[in-house]
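This report refers to the structure that appears directly beneath it.
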Amino acid sequence: MDELSLFYWRRVALIIGALTVAGCSLAPPERMLVPPIPPRYDASAANAPALDAARVGWRDFFRDPRLQRLIEAALAHNRDLHVAVSRVDEVRAQYRIQRASELPRIDASGTVIRGDVPGNTPLIGGDDIKQHQLAILVPSYELDFWGRVANLRRAALVEYLATDEARRSFEISLIAQVADTYLLQRELDERIALATQTLRNREESLRIARRRYELGATSELALRQMQTLTGSTRADLAALHQDSDRNRHLMQQLVGEWPGALPPPRSLAGQGVVTTLGPGLPSDLLLNRPDLRADEARLRGANANIGAARAAFLPQITLTASYGTASAQLNDLFAAGTSGWLFVPRLTVPLFDYGERRANLDLAWARRHTAVAQYESDVQQAFREVRDGLTARKWLRLQVEALRYTVAAERARVRLARHQYDNGSVAFIEVLDAQRALFTEQQRLVQMRRAELTNAVDLYRALGGGRVERRLPTGANT
């Protein structure tokens, strides 16, 4: 390369650097939105334990080894999660493509030309064409003087960040769904065991009632009532088995691939989930919940798209440059006097496009308004989920205690009714009513225990827990 070529290439590099540094952004300023929620939760939640859900890893929260293995399998093999991860990879690649467009592309080109031109061709007539070319090219590089390309790159970046946060939000939801499904399976197993034992007792009572009827010691009405109660219990047990099978199928879908041999399950009472989660402040949700962080990222992307749409109204400067050699003979390609260069700056001024640029700007603003409304809606939804969880935690605990008292009372009632019936003091219908009520209340107690655990899981998710495996130190308050 001769000194003159070096001089011009240095001038080009200085022009590119100066204009790039001078580039500005036409995106609207980013302002911190004030979340449309109260600054604090209800007064009843203010005295709740202060353990931050974001500090509790899901292995610390869920203590059942069998459930931990199922969550592991779901995070590794759930197909919907694979789709979310692939989507993150896709958007990351799109960001890399957009980022690369900010830098000048450099290509190498080699050309061999052979041809025979007719003799009557003006200026060329009758000459054979034979040429070898080798060049380094910078094709159509845009000087981002108004920040259009930078805003497009920023929009691609925040879309990637938003997609990655959405993937994390899906992981948290998947963990909660696996836990809810597992707890429901524990409830169904306990209810099936309860119904099975009840059915055995009622079948034995039916056998005795039938024998007493045959001996004339009881009425046919009492026999039919016992048959009805036994048949109803069989139907309840069949329905429970059906629900259990359906729930197992859902679990198999969630985990993707069954992890093989698993530790034995714990009962509902032995789950040991963390129940001392504190709500903190509503503003903590903006930091702890990936779905809200994704909304914030999309809002920043909407601002960047507005800046890119505004820049489209302004002149566009592009540069094209090349440097290379050319000769008729291949062995003369690098001989003296065969090199050359080309520098072509181009200024494009938009004049008339039938309103396309204006429509693109209006579209960018509309999408920003949508992003703001979606962010505010999701913040309110998150706030409501936490409030619902805190309220339910209080009332579910009271319901469980009340049902424990009721079951104990119904057991005493069954014993008393059986004793009085044996002594001839009451009709057999009193025994049947007592047995029916006891079975119903036992089933409700199991359901309410599971509801209390499910509420803890929902509150854990609503507060942004589940992002890490472990975080609590050994012996932390649970």
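The values are calculated or read from the model by the stated rules, or taken from the named source; none is laboratory data. Since the structure is predicted, the reported quantities are computational estimates derived from the model, not experimental observations. Here Cβ is always computed from backbone atoms with ideal geometry, including for glycine, and neighbour counts include all displayed protein chains. Just so you know, the surface numbers come from the protein's heavy atoms only, side chains and all, with ligands and any DNA or RNA stripped out. Shrake-Rupley method; radii C 1.70, N 1.55, O 1.52, S 1.80 Å.
Please give me the summed charge of the neighbours of Thr233: other residues whose Cβ is under 13 Å from its Cβ, Lys and Arg +1, Asp and Glu -1. Intermediate values should be presented prior to the final figure.
Working: positive: Arg191, Arg200, Arg202, Arg234, Arg436; negative: Glu203, Glu204, Asp236.
Around Thr233, the charge tally is +2.
Taking the 0 to 90 degree range and rounding to the nearest ten, how far is the long axis of helix 148-214 tilted relative to the main principal axis of the chain, both from C-alpha atoms?
For helix 148-214, the angle is close to 20 degrees.
What does the accessible area of Asp180 come to, in Å² to the nearest 10, when a probe of 1.4 Å is used?
Asp180 has an accessible surface of roughly 40 Å² with all protein chains in place.
Suppose R0 equals 25 Å. What FRET efficiency, 1/(1 + (r/R0)^6) with r the Cβ-Cβ distance, do Asp353 and Thr318 give to the nearest 0.05?
Working: r = 18 Å, r/R0 = 0.71.
Using R0 = 25 Å, I get an efficiency of 0.90.
What FRET efficiency comes out for the pair Trp365/Glu102, r = Cβ-Cβ distance, R0 = 22 Å, nearest 0.05?
Taking R0 as 22 Å, the efficiency between Trp365 and Glu102 is 0.35.
Just to verify a number: what accessible area does Met448 come out at with the full protein assembly present, 1.4 Å probe, Å² rounded to tens?
30
How much length is gained on full extension from Glu30 to Ala261, taking 0.36 nm per residue of separation minus their Cα-Cα distance?
77.9 nm
Relative to the longest principal axis of the C-alpha atoms of the chain, give the angle of the C-alpha long axis of helix 3-22, reported between 0 and 90° and rounded to the nearest 10°.
Computed tilt is about 40 degrees.
Positive end of the dipole of the chain, charges at C-beta (+1 Lys, Arg; -1 Asp, Glu), about the Cα centre: which of Thr196, Ala311, His249 has its Cα farthest in that direction?
Toward the positive end, the furthest listed residue is Thr196.
Counting only helical runs of four or more DSSP H residues, what would the 222 nm mean residue ellipticity of the chain come to if each run contributes -39,500 (n - 2.57) and the total is spread over all its residues? Don't jump to the answer; show the numbers that get you there.
Values: 11 runs with 295 residues, N = 478.
Counting only the DSSP helices, I get -22000 deg cm²/dmol.
Whenever you get a sec, compute what percent of the accessible area on the stretch 337-410 sits on carbon and sulfur atoms (1.4 Å probe).
Carbon and sulfur together cover 57 percent of it.
Which order do Tyr95, Tyr375, Tyr354, Tyr213 take when ranked by solvent-accessible area (1.4 Å probe, heavy atoms of all protein chains), largest first? Before the final figure, lay out each step's value.
On the way: Tyr95 35, Tyr375 5, Tyr354 195, Tyr213 90 Å².
So the residues, ranked largest to smallest area, are Tyr354, Tyr213, Tyr95, Tyr375.
As an exercise, use a Förster radius of 56 Å and the Cβ-Cβ distance of Arg415 and His77 to find the FRET efficiency, rounded to the nearest 0.05.
Calculated value: 0.65.
Taking only C-alpha pairs under 8 Å that are 6+ residues apart, what is the relative contact order of the chain in percent?
Relative contact order here is 29 percent.
Determine the order of Asp42, Asp164 by accessible area, beginning with the largest, at a probe radius of 1.4 Å.
The most accessible residue leads, giving Asp42, Asp164.
Taking the Cα centre of the chain as origin, work out the dipole magnitude from +1 charges on Lys and Arg Cβ and -1 charges on Asp and Glu Cβ, in debye rounded to 20.
Numbers: 63 positive and 55 negative charges, 351 e Å.
So the dipole magnitude of the chain works out to roughly 1680 debye.
May I ask for the angle, rounded to the nearest 10°, between helix 356-422 and the longest principal axis of the chain, with both axes built from Cα atoms and the value confined to 0 to 90°?
20
Full extension from Thr196 to Ala328: what is 0.36 nm times the residue separation minus their Cα-Cα distance, to one decimal in nm?
37.9 nm
Among Pro264, Thr325, Leu292, pick out the residue whose Cα is farthest towards the positive end of the charge dipole of the stretch 241-329, where Lys and Arg carry +1 and Asp and Glu carry -1 on C-beta, about the Cα centre.
My answer, from the dipole projection, is Thr325.
What does the C-alpha gyration tensor say about the overall shape of the stretch 335-377? Classify as rounded when a/c is under 1.5, otherwise prolate if a/b is larger than b/c, or oblate. Intermediate results must be reported in sequence, preceding the final value.
Numbers: a/c = 8.68, a/b = 2.67, b/c = 3.25.
Oblate, because a/c is 1.5 or more while a/b does not exceed b/c.
Please compute the modelled spin-label separation between Gln68 and Glu220, points set 7 Å along Cα→Cβ, answer in nm with one decimal.
Placing both labels 7 Å beyond Cα along the Cβ direction yields 6.3 nm.
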